Amino acid sequence: MSTESERGQFQRLSETGRPQITIHVDGEPVTALAGDTVMTALLLAGARLREFEFGGGGRRDARAGFCLMGACQDCWVNVEGGGSLRACTSYVSEGLRLTTGGGEAR
Ligand code: FES
């Protein structure tokens, strides 16, 4: 998910002993810890949650959430196969598969 020039927005500072689980983001494996929110997992792994689907002129701005508490709705990510979830209030689970390209209705 991250390139060499792209670092995670978040850094894990504590609670490093929880069991590891693997989710997939845009087809790539991402390691998270049990109890992480989807937002935590994605922003530890990279600099964005998703692309903003309403950018003008084909622009696809990167989004990283705003309120971090379920109020702004800026953090919806798509679940492979249909549906979406709010990254800041949803927990990771083993085998979760997400896409971050935007454009899918909630
Ligand atoms: S960051 Fe605001 S609802 Fe998730």
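The values are calculated or read from the model by the stated rules, or taken from the named source; none is laboratory data. Please read all numbers here as calculations on a predicted model, not as lab measurements. Please note: Cβ atoms are built from the backbone with ideal geometry, for glycine as well, and neighbour counts cover all protein chains shown.
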Quick one: is residue 94 loosely packed, with under 12 Cβ neighbours inside 10 Å and touching a strand residue (DSSP E or B) at 6+ places or on another chain (Cβ under 9 Å)?
yes
The listed residue being away from the ligand (no atom under 16 Å from the Cβ) and among the hydroxyl-bearing types (Ser, Thr, Tyr), out of 31, 89, 40
31
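Give the residue that is farthest from residue 24 (Cα to Cα), with candidates limited to residues of region 65-86 that are exposed (fewer than 14 other Cβ atoms within 10 Å of the Cβ) and more than 6 Å from the ligand (Cβ to nearest atom). Please lay out each step first, then the result.
Taking region 65-86 and keeping what is exposed (fewer than 14 other Cβ atoms within 10 Å of the Cβ), we get 66-67, 69-73, 80-83.
Then keep just the ones that are more than 6 Å from the ligand (Cβ to nearest atom); that gives 69, 80-83.
Values: 69: 23, 80: 9, 81: 13, 82: 15, 83: 15 Å.
Residue satisfying both the conditions and the ranking: 69.
Examine region 83-100 for a residue that is modelled with pLDDT under 90 and not in a strand (DSSP E or B), and state whether such a residue exists. So that I can check it myself, show each step before the final result.
Keep residues of region 83-100 that are modelled with pLDDT under 90, which gives 100.
Right, trim to not in a strand (DSSP E or B) and you get 100.
Checking region 83-100: at least one residue is modelled with pLDDT under 90 and not in a strand (DSSP E or B).
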Within the bounds of region 22-42, is there any residue that is part of a helix (DSSP H, G or I), modelled with pLDDT under 90 and among the small types (Gly, Ala, Ser)?
no
